[in-house]
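Participant: My questions will all concern the structure given below.
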Amino acid sequence: MRGGRRRATRQADATQAAIISILEDPNAYGTREEVLDRLEDLAAPGTEMDDVVFGPAAWRAAWDNTLFGGLDATIHTWKRWLSEDGSQGGSLWTWSGTARNGEPFELPGISLETYDREGLETSAIVYYPLESADVRRIFREGG
């Protein structure tokens with residue numbers, strides 16, 4: 001049993017690291033479709049991302065909106081963690097770039113994730129340390 005747990009933890013760690021690498025420089029992973037294909041390969045079928053401000057979406061659609069939704073933006077991960085058995089993890093990050101109106105924006109956030117025994121992500125939920133109205137305003141107007 002211990003070997004199986006260590007394997008799951010290593011695989012979840014590799015998945016988490018790969019996702020973070022893609023988010024920090026998506027252009028290094030090819031075209032929009034190639035980036036989304038790679039992200040999709042790192043999640044179990046049917047995985048959704050729930051954003052407490054922007055709502056839930058299928059995994060691919062959530063990343064498409066985040067990375068290619070009309071904003072010039074990047075995500076920098078400050079800290080990531082994973083449970084001992086590899087079933088749960090999370091990250092602390094900053095999403096920054098150009099808001100809808102052309103002004104710079106910066107939004108801090110935290111993501112909490114779950115992983116299956118193969119190390120694929122099975123769910124993610126995104127939180128911000130701001131009120132929902134403030135997140136939407138910053139997204140539109142900068143700040």
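Participant: Just give me the residues in the range 34-53 being buried (at least 17 other Cβ atoms within 10 Å of the Cβ) and in contact (Cβ under 8 Å) with a residue 40 or more places away in the chain, in sequence order.
Facilitator: Within the range 34-53, Leu42, Ala43, Thr47, Met49, Asp51, Val53 meet the criteria.
Participant: Among Thr9, Thr94, Thr98, Thr31, which is the only one that is among the polar types (S, T, N, Q) and crowded, with 18+ Cβ neighbours inside 10 Å?
Facilitator: Details: Thr94 fails: crowded, with 18+ Cβ neighbours inside 10 Å; Thr98 fails: crowded, with 18+ Cβ neighbours inside 10 Å; Thr31 fails: crowded, with 18+ Cβ neighbours inside 10 Å.
Every option except Thr9 fails the conditions.
Participant: Criterion first (over 26 Å from Pro45 (Cα atoms), loosely packed, with under 14 Cβ neighbours inside 10 Å and either out of contact with any Asp or Glu (no Cβ under 6 Å at 6 or more places or on another chain) or modelled with pLDDT under 95 (or both)) does Glu131 satisfy it? Quick ask: steps written out before the conclusion?
Facilitator: Numbers: over 26 Å from Pro45 (Cα atoms): yes; loosely packed, with under 14 Cβ neighbours inside 10 Å: yes; either out of contact with any Asp or Glu (no Cβ under 6 Å at 6 or more places or on another chain) or modelled with pLDDT under 95 (or both): yes.
Here the answer is yes, as Glu131 does meet what is asked.
Participant: I'd like to verify a number: residues in the range 95-128 that are within 21 Å of Val52 (Cβ to Cβ) and at pLDDT 95 or above, how many? Can you show your working first?
Facilitator: Step one: of the range 95-128, the residues within 21 Å of Val52 (Cβ to Cβ) are 95-97, 99-100, 105-115, 121-128.
Next, from what is left, pick out any that are at pLDDT 95 or above: 108-115, 121-128.
The number of residues fulfilling the criteria is 16.
Participant: Looking at (1) modelled with pLDDT under 95; (2) in contact with a helix residue (DSSP H, G or I) (Cβ under 7 Å, 6 or more places away or on another chain), which is the one condition that is false for Arg38?
Facilitator: It is condition (1) that Arg38 fails.
Participant: What are the residue pairs meeting all of these: first residue in the range 102-127, first residue among the aromatic types (Phe, Trp, Tyr) and buried (at least 20 other Cβ atoms within 10 Å of the Cβ), second residue at pLDDT 95 or above and in a strand (DSSP E or B), Cβ atoms under 7 Å, and 6 or more apart or on different chains?
Facilitator: Short answer, once both residue conditions are applied: Tyr115/Gly89; Tyr115/Glu121; Tyr115/Thr122.
The values are calculated or read from the model by the stated rules, or taken from the named source; none is laboratory data. Keep in mind the model is a prediction, meaning the values are calculated, not measured. Heads up, the Cβs are rebuilt from the backbone with ideal geometry, glycines too, and the neighbour counts pull from every protein chain shown.
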